[in-house]
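A quick write-up on the structure given underneath.
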Amino acid sequence: MDVLPLVALIAASAVVAGAARRTSVPAPLFLVGAGLVASYVPGVPDYHLDPHIVLPLILPPLLHTAALESSYLDLRANIRPVALLSVGYVLFATLAVGWLAYLLIPDLPLTAALVLGAVIAPPDAVAATAIARKVGLPSRITTILQGESLVNDATAITAYKVALAAAVGEGASWSGGVEEFLVAAVGGVGVGLLLMVPLHWLRTHLKEAMLQNTLSLLIPFVAYAAAEQVHASGVLAVVVVALYLGHRSWQVDFETRLQEAAVWKVVAFILESAVFALIGLQLPIVLKGLGEYSVGQAAWYAAGVFVLVVVARFVWSYPATYLPRLSARIREREDDMDWRRPLIVSWAGMRGVVSLAIAFSIPLVMENGEPFPARNLVLFLTFTTVIGTLVVQGLSLPWLIRVLKLPGRDAQAQTLAEAQAQNAASQAAEARVEKLMRDERNRLPQPLQDRLRTVLERRRNSVWERLGQPNPVTGESADDTYRRLAREAIAAEREVFVKMRDERRIDDEMMRTLLHKLDLEEAAAYREVED
């Protein structure tokens, strides 16, 4: 691909994603729609989704980012529903959707139908997390969906390889498929376990934040490539490493964390935006390849496959939710499972770019030299299933949550827990500071001692103040007003530094040093708490 079309794609995707943030529509849907429209605008080049780029170069950083932001402890607490969806459901959907598609579509071989089933089986990691954040799902449902989307790609890719081997005539058996799955799963986890400790050690021992963040950008590609090199699951290797690094991110210095968070936000934003725009841009390519199938026939088959995909998730989700609760031990350990929760999980099965990338990797010919049966139809059905789930389920999910009146996160309880944690931490900090200041080596002038104690007290009280009554004039809490005034004070300092630079009273290097200190102070003490 030429550089100019690539730059145009990234720039246009970023603009559309930025515009979507000002609306109630999740950004993935906005981007897909924009891609569909742009695909028929004269002068827009054909953007072909290359699986050799998507799988090794785009999927690892997206999975890495999602895993870094996931909670290892929450995933461990929900390991059963996550495993049932990420492994059990994907295999069930591969077989069920493949078999029913074989019955629905005349002249579609069973092996090709199973390839289709594997391709469209996994819900998408990016779509699930993006829409879950937008609609404010309860934390346990979000954890389950995120955990499923982190692992299910590995299951689907392995199932696809087995089905494809049978379809192209390389030979495949149930025992061989199970063996390949186990090798991929165990190998991927094993590679991740081998890499995570030395990579974390390297991160904590590099002394420069720039080097640490360069390493951070390389880690997902290293993990993926190392696993794929030994025919294991690169997806699982990336997820295992990222979960470990995210769980121990507190051991990295603050400057690295600040830079890393900003860098990965930009990377994720660019890749997510471009990926969903690319999905929409594939429509002309897919339609051109329909061949012997008319658009009417293909549309009928697409509607049938879409219904099969949606129904199959319901068929799996409810038994997978309630059958384990026949165990008294599980009922005692877990809260009562509201029927609305599996309904939301079932409806939140949006497909995405991974399915399309796998579909485009289907070979043109089989081992005997004949064309792969119905390859173009499989591509079309994958495309329509991805679009259908993103549009139909993605647009209706917020409405469904409102209708079901599913309780969201308790903001008051979260603030109270935050205040209690901050209070305990501040007390420990004050005790340590008082002990250190009794040592002659740590003596400070009284104004600096008072300032240090004031900072600690301010940090302890700030969260409690959010629980208090807001200002009757502005509606702000005392903490919000303090943060706003503090930012105004820092802004005034910045203006002075810039003015002094412009008057040549200080040089640019000194101005950048002073501004960097202000940036750190604002980030550490006065930044707004993100939703």
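The values are calculated or read from the model by the stated rules, or taken from the named source; none is laboratory data. What you are looking at is a predicted structure, and each value in this text was computed from that prediction instead of being measured. Note that each Cβ is placed from the backbone with ideal geometry, even for glycine, and that neighbours are counted across all protein chains shown. These area figures cover heavy atoms from the full protein model, side chains too; ligands, DNA and RNA do not enter into them. Shrake-Rupley method; radii C 1.70, N 1.55, O 1.52, S 1.80 Å.
From the protein chains alone at 1.4 Å, what is the descending order of accessible area for Val151, Val7, largest first?
Sorted by accessible area, descending: Val7, Val151.
Looking at the chain, how many pairs of lysines come closer than 23 Å at the Cα, when each pair is eight or more places apart or spans two chains?
Lysine pairs satisfying the spacing and distance rule in the chain number 6.
Just to verify a number: what accessible area does Thr143 come out at with the full protein assembly present, 1.4 Å probe, Å² rounded to tens?
20
Send over the Kirkwood Rh of the chain, from the inverse of the averaged 1/r over different Cα pairs, rounded to one decimal Å.
Taking every pair of different Cα atoms in the chain, averaging 1/r and inverting gives 25.9 Å.
Gap in Å between the Cα centre of segment 277-301 and the Cα centre of segment 1-77?
Answer, in whole Å: 21.
How long are the three semi-axes of the equivalent ellipsoid of segment 2-110, in whole Å, if each is the root of 5 times an eigenvalue of the C-alpha gyration tensor, listed from largest down?
Each semi-axis is the square root of five times an eigenvalue, giving 31, 25, 15 Å.
What does the accessible area of Met511 come to, in Å² to the nearest 10, when a probe of 1.4 Å is used?
It works out to around 20 Å².
Given the C-alpha centroids of segment 338-409 and segment 85-113, what is the distance between them in whole angstrom?
So the two Cα centres are separated by 14 Å.
Can you give the accessible area of His48 in Å² (nearest 10), computed on protein heavy atoms with a 1.4 Å probe?
About 100 Å², rounded to the nearest 10.
Taking only Cα atoms of segment 169-297, what ratio of Rg to Rh do you get with Rh as the Kirkwood inverse-distance radius?
Rg divided by Rh gives 1.14.
Looking at segment 38-80, which chymotrypsin sites (Phe, Trp or Tyr not before Pro) are in a loop (DSSP not H, G, I, E or B) and have at most 12 other Cβ atoms within 10 Å?
Here the sparse-neighbourhood loop sites are Tyr40.
Just the number, please: carbon plus sulfur as a percent of the accessible area of the chain, 1.4 Å probe, no ligands or DNA/RNA counted.
C and S atoms contribute 63 percent here.
Just to be sure I understand: if I project the alpha-carbon convex hull of segment 209-282 onto a plane and average over all orientations, what area do I get in nm²?
Here the figure is 6.0 nm², rounded to one decimal.
Ranked from the most accessible area to the least, with a 1.4 Å probe and all protein chains present, what is the order of Ile387, Ile10?
Ile10, Ile387
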